[in-house]
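**Student:** Structure provided below as structure tokens; questions to follow.
Here, each number is a calculation from the coordinates, and none is a lab measurement. Just so we're clear, the structure is a prediction, and the values are computed from it rather than from any experiment. Cβ placement follows ideal geometry from the backbone for every residue including glycine, while neighbour counts extend to all protein chains displayed.
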Amino acid sequence: MHQLTLAEIARALADKQFSSEELTRSLLARIQQLDPQLNSFITMTEELALNQAKAADARRAAGENGALLGAPIGHKDLFCTQDVLTSCASKILTGFKAPYNATVVEKLATAGSVTLGKLNMDEFAMGSANESSHYGAVKNPWDLTRVPGGSSGGSAAAVAARLLPAATGTDTGGSIRQPAALTNLTGIKPTYGRVSRWGMIAYASSLDQGGPLARTAEDCALMLQAMAGFDAKDSTSVDQPVDDYLAALTQPLAGLRIGLPKEYFGAGLDARIGEKVMAVVDELKKLGATVKEISLPNMQHAIPAYYVIAPAEASSNLSRFDGVRFGYRCENPVNLEDLYKRSRGEGFGAEVKRRIMVGTYALSAGYYDAYYLKAQKIRRLIKNDFVAAFNDVDVILGPTTPNLAWKLGEKNNDPVAAYLEDIYTITANLAGIPGLSMPAGFVDGLPVGVQLLAPYFQEGRLLNVAHQYQQVTDWHTQAPTGF
Amino acid sequence: MALERSDVEKIADLARLGLNEADIPGTTETLNNILGLIDQMQAVNTDGIEPLAHPLEATQRLRADQVTERNQRDAYQAIAPAVENGLYLVPQVIE
Amino acid sequence: MQWETVIGLEIHAQLSTQSKIFSASAITFGAEPNTQASLIDLGMPGTLPVLNAEAVRMACKFGLAIDAEIAGTNIFARKNYFYPDLPKGYQTSQMDHPIVGKGFLDITLEDGSQKRIGITRAHLEEDAGKSLHEDFHGMSGIDLNRAGTPLLEIVSEPDIRSAKEAVAYVKAIHALVRYLSICDGNMAEGSLRCDCNVSVRPKGQAEFGTRAEIKNVNSFRFIEKAINHEVQRQIELIEDGGKVVQETRLYDPNKDQTRSMRSKEEANDYRYFPCPDLLPVVIEQSFLDEVRATLPELPVEKRARFESEFGLSAYDADVLAASRELADYFEAVNAVCGDAKLAANWVMGELSSLLNKDNLDIEQSPVSAEQLGGMILRIKDNTISGKIAKMVFEAMANGEGSADQVIEAKGLKQVTDSGAIEAMLDDVLAANAEQVEQYRASDEAKRGKMFGFFVGQAMKASKGKANPGQVNQLLKQKLEG
């Protein structure tokens, strides 16, 4: 049962091959058995899962048959789940049982999904390796000595190890796409504003987007269909009808114009990954696509701009974690200042504190223009690059990451080295365009991902291309040994 | 633009982050590395470019002026570290 | 050394919307702690703000009323600092792009002259919660009911030159926000809060001196006292060779002094940046036109009209236009009796005394405008004298009915029949024959003084009902032969 995709599960449940409750119990047992190797879960929600599974079975018996009815999933642990610990993988949210559900959680629950647990992540979504979690690092099921990517590392590891068919993640600088690439999954970051941020604990408000990780584009389409949509509670949510992503999957690719940015293939990219990318291009050409070289001239400036904007917004977003109304409070604070400094000093991990300080500095008096404002200007340049490129091409294709999954601990002492891993993914967040990563093969037994980018609200296009590619290849069907 | 120890202390103070004495030199060095990365921005010519705050450049929607929230103090305070008589307790605030 | 005082005021007006600025919680005053604090108001992780349309409308109303520039787009910014009554660790306010730009307000000074006070800007922001320091064994208790209440912060230019001018300005703002129905102006409850920026400089100096800010002064009286005290303090300090420090001070009404606030933050770096959870707010011209159409006649316009249409003095016009309710009452009285001057006198005189004595607002007046107007009609048509009218007024205030009903019931009709008056006067003179002789024997000056005696006797004899004018005329005739 654990090998089945969401789409296959939907068919099996409809055919009454098994019940949602049986499937849920099976996966709960599997998780208990195998997750100690991965550490992908922070909290298991057995009781909730069984209740939801039984309810789904009842709805099915009453005649309902939605694509996600009875589907087991997990939520990245920054989606608020009512009365369940929502930790953002941080000590500072110890004991925080969220008093409400995130919109994403509500929508998926309404569609009948079954939540098996809350998934590990980099603390407050700040990281590319899932090594900064208060609950310990997550291991890559493809090689337990390596990182699964981050910040949605737990989501990726759990799905890649077939502990779940799908999971929610969030992507601020690549945190869905990059772990998907490192664990042989398909993951999509929708257009900014496509998925509601209500209840999705904020890292960088103008960059964060929620999205699914799964083993196929089809599964991502099923998840995204339920997750997407206008939410009046989120002022940045876009009031635009949600496309039929399933229908979009089957469009033939004849005439698709693909752009390959020349800036992607410079020094810094593992040449073997570059080869895999070109192999994908060849396949897509066989399916009728054409390819041309394009330029994204300001791409190189994306990382510095991101590492001003994201920390700046985060430094403000994380000020509410102060030990007063929820979460961790230090022992015996002697005065207010002590309450704040020790609760936050003890509650936040090192990377989070670093980014808060960078952000605080960037916004501080005298530096705002040189840092924050400058970064916002570069942001516009990056957006302009994409707008110009999409005049000539329908999708932009390239590697998702410059390197394969690295060893645990390898980049710990050098945060900047880790930051540079985000080079391909970050621009999509800055511009707000949708981006997808799909499996494209293996190097030394480690997965390689290829990224597709599209204009605003063309998630359907991305899922379409990935799905068509997955009809003629089978990278995405491979499972890691032992899982 | 290199940060000194005193700068780091000021920033940590602004952000109310208690830093261990022992960590300050390491933190200073790491922050300077990050700032080195960020400073690469200065080489970019952005004359005449408008800052982009929101990627889709949409505008704010307005909400009708209605009260739809009801009192849920008990539920919300169940997760609070310290409350008494419905108030959140903190070390004394002196004005 | 001649000193000049320079004052700028920042007034925070709590907008009288139904719900908070970014959440749908109620803002009723006096609720049990934290019963009007939603997830958003508590700054719970994952929550997001959505802007209240009515707050925008009210701010625009204010902007139009002070003739201000209202930009096509305004932007909310985060003001970052740590304080327990500020749950998110930042206040959502407006910095570089406030909703209301430069405007002005004309105020009437004590001598009746007008002065124009510039208003730099007005912007929307959310209020913080409250800290309670009653004994929680060394702790403070935080109530976040108020957190998220919409505020309009109105910043004046440093155009004010005395404590009295400052009070006049605050009163004018107070009246205006009540006229516009955007704020109830209740300073005791904190609906209108005033921070005073005060500095002094040698007369003739162009540069401003260093200013101190006196925070949260919550009554007109205290504003005057606090400013006067602060000016004195600064002058003495400088004359003693010291320097004024830019700081925040609190006015203590019990001691009538300002004292430095124990600094909440030393060097306050608020790190303002546009709030990424909110988008730029667009104000279309069509929206402004709609709002403008809902503006009532403003205090300035009303004052001018009272002067020109009703011939009232600037002072009287100012008093009557001070509140919309009072102005409406006055006009209603006038509509009944058609005599603006009498109406003004009675409203500003007897009626005001009555209201003050019982601590009532005009809306609670026991005498309605119709009643008062009706009474004034009876004065005008000589049914009663001015003096008797006071009795009628008291009776009406006691709930005894309309003027006509009271006059009828108490038989207060003025006697105007000359025959009756003459008869009464003959009796009075007969009863006071000695005084009559003395009068006839005295000179002009002495006669003047004695005349009053006879008038008094006549009034007594007629129980006040004789028409005074006629009494005077006939008495004079009779006395002088």
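**Student:** Angle check, please: helix C:299-310 long axis (alpha carbons) against the longest principal axis of chain C (alpha carbons), in degrees 0 to 90, nearest 10.
**Tutor:** 20
**Student:** Determine the sum of side-chain charges near A:Glu8: Lys and Arg each +1, Asp and Glu each -1, restricted to other residues whose C-beta is under 11 angstrom from that of A:Glu8.
**Tutor:** Local net charge: -1.
**Student:** Another question, if that's okay. What do you get for the angle between helix C:369-380 and the principal long axis of chain C? Use alpha-carbon atoms, 0 to 90 degrees, nearest ten.
**Tutor:** On a 0 to 90 degree scale, this one is about 30.
**Student:** Could you give me the ³J(HN,Hα) list for segment A:255-271, computed from phi with Karplus coefficients 6.51, -1.76, 1.60 and θ = phi - 60°, whole Hz, x at Gly and Pro?
**Tutor:** Each residue of segment A:255-271 in turn: x, 5, 9, 9, x, 10, x, 5, 5, 6, 9, x, 5, x, 8, 4, 4 Hz.
**Student:** Looking only at other chains, what is the average number of their beta-carbon atoms within 10 angstrom of each beta-carbon in A:188-197?
**Tutor:** Mean number of neighbouring Cβ atoms from other chains: 2.
**Student:** Another question, then. Which whole number of Å³ per residue matches the convex hull of the alpha-carbon atoms in chain A?
**Tutor:** It is 135 Å³ per residue.
**Student:** Roughly what angle does helix C:163-179 make with the longest principal axis of chain C, taking Cα atoms, 0 to 90 degrees, to the nearest 10?
**Tutor:** 90
**Student:** If you don't mind, another one. Mind ranking C:172-181, C:335-344 by how tightly packed they are, going by the mean number of other C-beta atoms within 10 angstrom, highest first?
**Tutor:** Answer by packing, highest mean first, reads C:172-181, C:335-344.
**Student:** May I pose another question? Could you tell me the center-to-center distance, by alpha carbons, between segment C:132-198 and segment C:276-340 in angstrom?
**Tutor:** First find each Cα centre; the distance between them is then 22 Å.
**Student:** Still on this model: Can you compute the helix-only [θ] at 222 nm over the protein assembly as shown? Use -39500 (n - 2.57) per DSSP H run of at least 4 residues, normalise by all residues, nearest 500 deg cm²/dmol.
**Tutor:** Only helices count here, giving -11500 deg cm²/dmol.
**Student:** For segment A:305-462, with only Lys/Arg (+1) and Asp/Glu (-1) charged at the beta-carbon, what is the dipole magnitude about the Cα centre, in debye rounded to 20?
**Tutor:** Charge dipole, segment A:305-462, about its Cα centre: 440 debye, nearest 20.
**Student:** Decide, for segment C:222-312, between rounded, prolate and oblate: order the square roots of the alpha carbon gyration tensor eigenvalues as a ≥ b ≥ c, take rounded if a/c falls under 1.5, and otherwise choose prolate if a/b is larger than b/c, else oblate.
**Tutor:** It is oblate, given that a/c is not under 1.5 and a/b is not larger than b/c.
**Student:** Okay, next question. Averaged across the residues of A:412-422, what count of C-beta atoms belonging to other chains lies within 10 Å of each residue's C-beta?
**Tutor:** Counting Cβ atoms of other protein chains within 10 Å of each residue's Cβ and averaging gives 2.
**Student:** Please compute, for the alpha-carbon atoms of segment C:49-158, the extent along each of the three principal axes and give them in descending order in Å.
**Tutor:** So the three principal-axis extents are 55, 38, 23 Å.
**Student:** Can you bin every Cα-Cα distance in chain C into 10 Å intervals starting at zero and give me the percent of pairs per bin, rounded to whole numbers?
**Tutor:** Going from the shortest bin to the longest, the percentages are 4, 15, 21, 20, 15, 10, 8, 5, 2, 0.
**Student:** So what is log10(I(q)/I(0)) for chain B at q = 0.21, 0.24 1/Å, when the Debye sum runs over its Cα atoms only?
**Tutor:** -1.05, -1.21
**Student:** Stokes-Einstein at 10 °C, 1.306 mPa s, Kirkwood radius from Cα pairs: D for segment C:387-481 in µm² s⁻¹?
**Tutor:** 110
**Student:** Positive end of the dipole of segment C:440-481, charges at C-beta (+1 Lys, Arg; -1 Asp, Glu), about the Cα centre: which of C:Leu479, C:Ala466, C:Val455 has its Cα farthest in that direction?
**Tutor:** C:Ala466
**Student:** Follow-up question, since we're still on this one. Taking R0 as 41 Å, what FRET efficiency do you get between A:Asp244 and A:Phe265 from their Cβ-Cβ distance, rounded to the nearest 0.05?
**Tutor:** Computed FRET efficiency for A:Asp244 and A:Phe265: 0.70.
**Student:** Quick one: P(r) of the protein assembly as shown from all Cα-Cα pairs, 10 Å bins, percents rounded to integers, in order of increasing distance.
**Tutor:** Here the calculated profile for the protein assembly as shown is 2, 10, 16, 18, 16, 11, 8, 6, 4, 3, 2, 2, 1, 0.
**Student:** Return the Rg/Rh ratio of segment C:119-227 with Cα-based radii and a Kirkwood Rh.
**Tutor:** Expressed as Rg/Rh, it is 1.03.
**Student:** Taking every residue in A:357-370, how many Cβ atoms of other protein chains lie within 10 Å of its Cβ, on average?
**Tutor:** 6
**Student:** Is the shape of segment C:170-225 best called rounded, prolate or oblate, per the rule: a/c under 1.5 gives rounded, else a/b larger than b/c gives prolate, else oblate, with a ≥ b ≥ c the square roots of the Cα gyration tensor eigenvalues?
**Tutor:** prolate
**Student:** In square nanometres, what is one fourth of the surface area of the convex hull spanned by the alpha carbons of segment A:360-483?
**Tutor:** Answer in nm², one decimal: 10.5.
**Student:** Extension gain A:Ala61-A:Thr94, at 0.36 nm per residue separation less the Cα-Cα distance, in nm?
**Tutor:** Length gained, A:Ala61 through A:Thr94: 7.9 nm.
**Student:** Whole number please: convex hull volume per residue, Cα atoms of segment A:240-398, in Å³.
**Tutor:** Spread over its residues, the Cα hull of segment A:240-398 gives 197 Å³ apiece.
**Student:** If you don't mind, another one. For a test of the definition: using alpha carbon positions, the gyration tensor, and the 1.5 limit on a/c, classify segment B:16-57 as rounded, prolate or oblate.
**Tutor:** Judged from the Cα gyration tensor, segment B:16-57 comes out oblate (a/c at least 1.5, b/c at or above a/b).
**Student:** Return the sequence-ordered ³J(HN,Hα) values of segment C:7-15 in whole Hz as given by the Karplus equation 6.51 cos²θ - 1.76 cosθ + 1.60 applied to θ = phi - 60°, using x for Gly and Pro.
**Tutor:** Those phi angles translate into 10, x, 10, 10, 10, 9, 10, 6, 6 Hz.
**Student:** Another one. Pairs A:Lys91/A:Lys353; A:Lys139/A:Lys411; C:Lys390/C:Lys410: which exceed 18 Å Cα-Cα?
**Tutor:** Among A:Lys91/A:Lys353; A:Lys139/A:Lys411; C:Lys390/C:Lys410, the Cα-Cα distance tops 18 Å for no pair.
**Student:** Among C:Val428, C:Gln371, C:Tyr439, flag the residue with its Cα farthest along the positive direction of the charge dipole of segment C:357-481, charges on Cβ as +1 for Lys/Arg and -1 for Asp/Glu.
**Tutor:** C:Tyr439
**Student:** Expressed in nm², what is the orientationally averaged projection area of the convex hull enclosing the Cα positions of segment A:43-88?
**Tutor:** 3.5
**Student:** What are the aspartates and glutamates whose alpha-carbon lies under 14 Å from the alpha-carbon of A:Lys383, with same-chain residues fewer than 8 places away excluded?
**Tutor:** B:Glu50, B:Glu57
**Student:** Give the separation of the Cα centroids, segment A:78-96 to segment B:1-72, in Å.
**Tutor:** Here the answer is 24 Å between Cα centres.
**Student:** Where Lys and Arg each count +1 and Asp and Glu each count -1, what net charge lies around C:Arg78 among other residues with Cβ under 11 Å from its Cβ?
**Tutor:** Spelling it out: positives minus negatives among the neighbours equals -1.
**Student:** Let me ask something else about it. How much net charge surrounds A:Ser316 when only the other residues with a Cβ under 14 Å from the Cβ of A:Ser316 are counted, with Lys and Arg +1 and Asp and Glu -1?
**Tutor:** With Lys, Arg at +1 and Asp, Glu at -1, the neighbours total +3.
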